[in-house]
Amino acid sequence: MRILGVVIILVTIPLTVLLAVKGVQFRSQAAGFSALTSTFKSISVYAPYVSGSPTLEYKKTSSSTWLPAYPPYVDGTSEIRGSIVGLTPNTPYDVRLTVGGIVYTGAISTKNDQLSFGTGNTYYVATTGSDSNSGTSAAPFKTIQKAANTVVAGDTVKIKTGTYVEKVTVSKSGTSGNPISFANNGDGEVIISGGSSCASSNLTNNFLIESQNYVRISGLTAKNASEAAIRINGGGNHIIDNNKILDWNCADLEDQLRAGVAAWNGAKNLWVLSNTISRTAKNTLMGDGFWTKNTGDSTGGGHIIAKNTIIGAYDAVGSEPEDTTYGGVHKDADIYENTVTNCNDDGIQPEGGNTNVRVWGNKITSCMLGVGMAPTKKGPLYVFRNVIVDSRPRWTAGQGMFKLGDYTTGRIYVFHNSYYSTNGADGFKQSNTQLGNMVSRNNSVYSSRYAIETTSHNGLPMDFNYDLLYTSDTSRFVKWNNNNDYTDLAKFQATGQETRGIQANPKYVNPSGGDLTLQSGAPGIDKGQVLPNFNDANSAWAYTGTAPDMGAFEAGGATPPSDTTPPSVSITSPTNGATVSGTVTLAANASDNVSVAKVEFYLDGSLKSTDTSSPYSYSWDTTTTINGSHTLSAKAYDALVNVGTSSTVSVNVNNQNTQVLTFTPTDDATIVRDFPYKNFGSLSALVADGYPRRNFLVKFLVSGVTGRTVVSAKLRFYCFEPAIVGGIFYRTTNDLWKEGTITWSNAGATTTKVATLGRVAAGKTYDVDVSAFIKGNGILSLAIATPSADGAAYYSKERGGVYVPKLIITIQ
């Protein structure tokens, strides 16, 4: 019966079943939950409260083992709210909640973090173009605004290198899966500027997105705007990624809304990823790095603000209004792995509703306060695994690790944070009246004033335990509810708090250098509490030893990012002294002690392309370069913007009357061993998978080659599902197959191995060298398999547009 069921599904929706193992499908929630929502790495859970203490569990849909999540929060007698964290992107999960004898089950997939452009037309812009042109690569527009006026959903604007002094207003929307995109063409830096300098800026914004949806801005430099660099007026589902956003608020007015990225009118579901956001040309008291403002309970939320480097803002991540249930980033939002330095107020400020908001893995240095959460009106807010160093004074205000209070009534969880400051700063710092409903576990605090200073509780529970607390001020230790008599841990424990806490120097490895990992024998090792989904064996942060360590790092675990170590990078192809012609793949290896953020490729010292994921490569059309000697180099960047530069490779370009021929397949299809007589030739995917076994075939009819010399021949595929081995390519014995009739049973045998494609990542194109197998006109028929059980998926010719497979032959 099970086999029959699968066959039926394959007949009706074969692509869904074919790709189910890859997590392409999205499952909807079941009845019972009020809502299930997801980000890349988290799930938000909402359910009606019945009675008793709720139990929350989760599992990957492919697994049979339920795992415990941290107990969700019960808001009075009305609603259960909680988060599941540390999940795998683009993966189906099942969720189970047990409360009052009732079991709720539901399913949802995490969001896909492999970003892609739309499938529509591509328009080009160049400083040498004309707005009377058609917008092709050969006849580009002159202004980005002309392209913005031309595009429709799914279209991409590729902007060629140069400086564009203009304000780009986007007044059209993309759709889910088909955004309107503005992207770097790959031939050098693209600068969109409000003027030649911040002092001469006369344009309000670099980009203005007016109440639209699904717009992506990628790989550009936006600078010298008099207000916000990128302003979003409502709408949502926008992606701002891999940009440099520099020196906004050139008017230098005291408004947080004058931000690097400013979202007005309750914009929803904004993904701000891997950008450098830096304001150094003007007074850093003014303007946030990212700022959002909501207008009601149905607005805002769903944001992912991750892996950005933010320098010299007011709040690096800020928001308004702060004192409402819909304020701040509102709900269902993740703020993680950002590097924040030199901000004048809060490093990260999730102040407002904070309903299932998660803040983790951020490193915050030289800000007045690390994380501001005054107030949290609804919750739960999860603040965990953050590193906060060198809180600094501003005016006469105090400073600290966390800002608390301001009539907080929503639940706050603070777990596994590490803090170090020597300039008169507190650890936990209440800045406004009325604090309550807070749980603290496994934090490590080195302060130079109070380790904890709270001044006004509101009667809601305060639960502090398993924290390591230390101050270098011998006259202070803890002020609790405005009582400063707690000069040591024993006295504080008399309140019922920190019964398993520790009062000791945490013994960080190099705190003045920002390294808050623990020395061998540090007092916080193995002294923490096990927290399901936050440090247990099944979590993304599993502890070692007999118990979790206190603080952000597990002793013997991963080393924190270095502030000074640059990545290493080398060009692996072409080799030094090589003669090249036609289209050549530039390839580089790059590594870092933490991670590589991007690799840039340079030709004769000019930036040609940027790649943000391994393997790092760039297809260089040498016919656009004059014959003769040229130099190639690469630069690798880490998240802290440390830069490593490769050795120079010299090559000789020799294109003698070359011609580039491009062919698309006459036929392509996936074949499936478990369904030997089923044809899948109409699908838009080509899948190679080791288990369950799938191969794909592709066939080209080559013409115009006989009698000419083949300089190079490359197959090009666009990957949308990653794998460790992208494919092993073989010649087929049967060249007469057709995609409408080919099956596993009639595909025939393979012969010569052509090539092996290594690790592939989603959202990238890959070239396979087949030069040795193109001798003249005729048929090139290949079968592609892989031993990888994770499988690889590429678009077929049925996909259409720029993603179809290609055979590119350079002849002379």
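Each value in this text was obtained by applying a stated rule to the coordinates, not by laboratory testing. These numbers were taken from a predicted model, which means no experiment stands behind them. Cβ coordinates were reconstructed from backbone atoms using ideal geometry, including for glycine residues, and neighbour counts include every protein chain displayed.
If a/c stays under 1.5 just call it rounded; otherwise compare a/b with b/c (prolate if a/b is bigger, oblate if not). Do that for the range 660-811, with a ≥ b ≥ c from the square roots of the Cα gyration tensor eigenvalues. Since a/c reaches 1.5 and a/b is larger than b/c, the shape of the range 660-811 is classed as prolate. With axes computed from alpha carbons, what is the tilt in degrees of helix 2-12 against the longest principal axis of the chain, rounded to the nearest 10 within 0 to 90? The angle comes out near 70 degrees.
Each Cα pair under 8 Å and six or more residues apart adds its separation to the average, and for the chain the resulting relative contact order is 6 percent. 3J(HN,Hα) along the range 713-726, derived from phi through the Karplus expression 6.51 cos²θ - 1.76 cosθ + 1.60 where θ = phi - 60°, amounts to 8, 9, 8, 10, 10, 9, 8, 10, 9, x, 7, 5, 10, x Hz, with x in place of Gly and Pro. Under 5 Å between amide hydrogens, built in the peptide plane, is the criterion, and for A222 it picks out I192, K244, I245, L246 among residues at least 5 positions away or on other chains. Exceeding 18 Å between C-alpha atoms, which entries from my cross-link table qualify? They are K142/K598; K429/K479; K598/K635; K293/K363; K111/K331. Too far apart for the 18 Å limit: K142/K598; K293/K363.
Sorting the segments 447-453, 532-538 by their mean number of nearby beta carbons within 10 angstrom, highest to lowest, gives 447-453, 532-538.
The ratio of the alpha-carbon radius of gyration of the range 26-109 to the globular-protein estimate 2.2 N^0.38 Å is 1.00. Taking a quarter of the surface of the Cα convex hull of the range 568-655 gives a mean projected area of 5.0 nm².
For T517, the residues whose modelled amide H falls within less than 5 Å of its own, excluding neighbours fewer than 5 places apart on the same chain, are V509, N510.
Using 0.36 nm per residue and subtracting the Cα-Cα separation, the extra length available between S130 and T175 on full extension is 13.3 nm. Each residue of the range 353-360 was assigned a 3J(HN,Hα) from its phi angle through the Karplus curve 6.51 cos²θ - 1.76 cosθ + 1.60 (θ = phi - 60°); the sequence is x, 6, 8, 6, 10, 10, 10, 8 Hz, with glycine and proline shown as x.
For the listed peptides 486-496, 265-275, a ranking on the average number of other beta carbons within 10 Å per residue, highest first, reads 265-275, 486-496.
Remark: the range 115-303 projects, on average over all directions, an area of 9.9 nm² (convex hull of Cα atoms).
The dipole here belongs to the chain: it is taken about the Cα centre, uses +1 on the Cβ of Lys and Arg and -1 on the Cβ of Asp and Glu, and is about 1920 debye. Taking the centroid of alpha carbons for each part, the range 438-481 and the range 673-732 are 61 Å apart. Note that the range 490-495 has calculated 3J(HN,Hα) couplings of 4, 5, 5, 4, 5, 7 Hz, one per residue in order, obtained from phi through the Karplus relation 6.51 cos²θ - 1.76 cosθ + 1.60 (θ = phi - 60°); glycine and proline are x.
Taking amide H as placed 1.01 Å from N in the peptide plane, the amide H of L607 sits under 5 Å from that of E189, each at least 5 places away or on another chain.
Each DSSP beta bridge with both residues in the chain is either parallel or antiparallel, and the antiparallel ones are about 50%. Taking a straight line from the alpha carbon of K403, these aspartates and glutamates sit under 12 Å away, with near neighbours fewer than eight places off in the same chain left out: D345, D346, E351, D426, E453.
Given the DSSP H assignment, sum -39500 (n - 2.57) over each helix run of at least 4 residues in the chain and divide by its residue total; what's the result at 222 nm in deg cm²/dmol, nearest 500?
The per-residue figure over the chain is -1000 deg cm²/dmol.
Over the chain, the reciprocal of the mean inverse Cα-Cα separation, the Kirkwood hydrodynamic radius, stands at 28.4 Å. Listed as lacking a disulfide-compatible partner in the chain: C719, by the criterion of no other cysteine Cβ under 4.7 Å.
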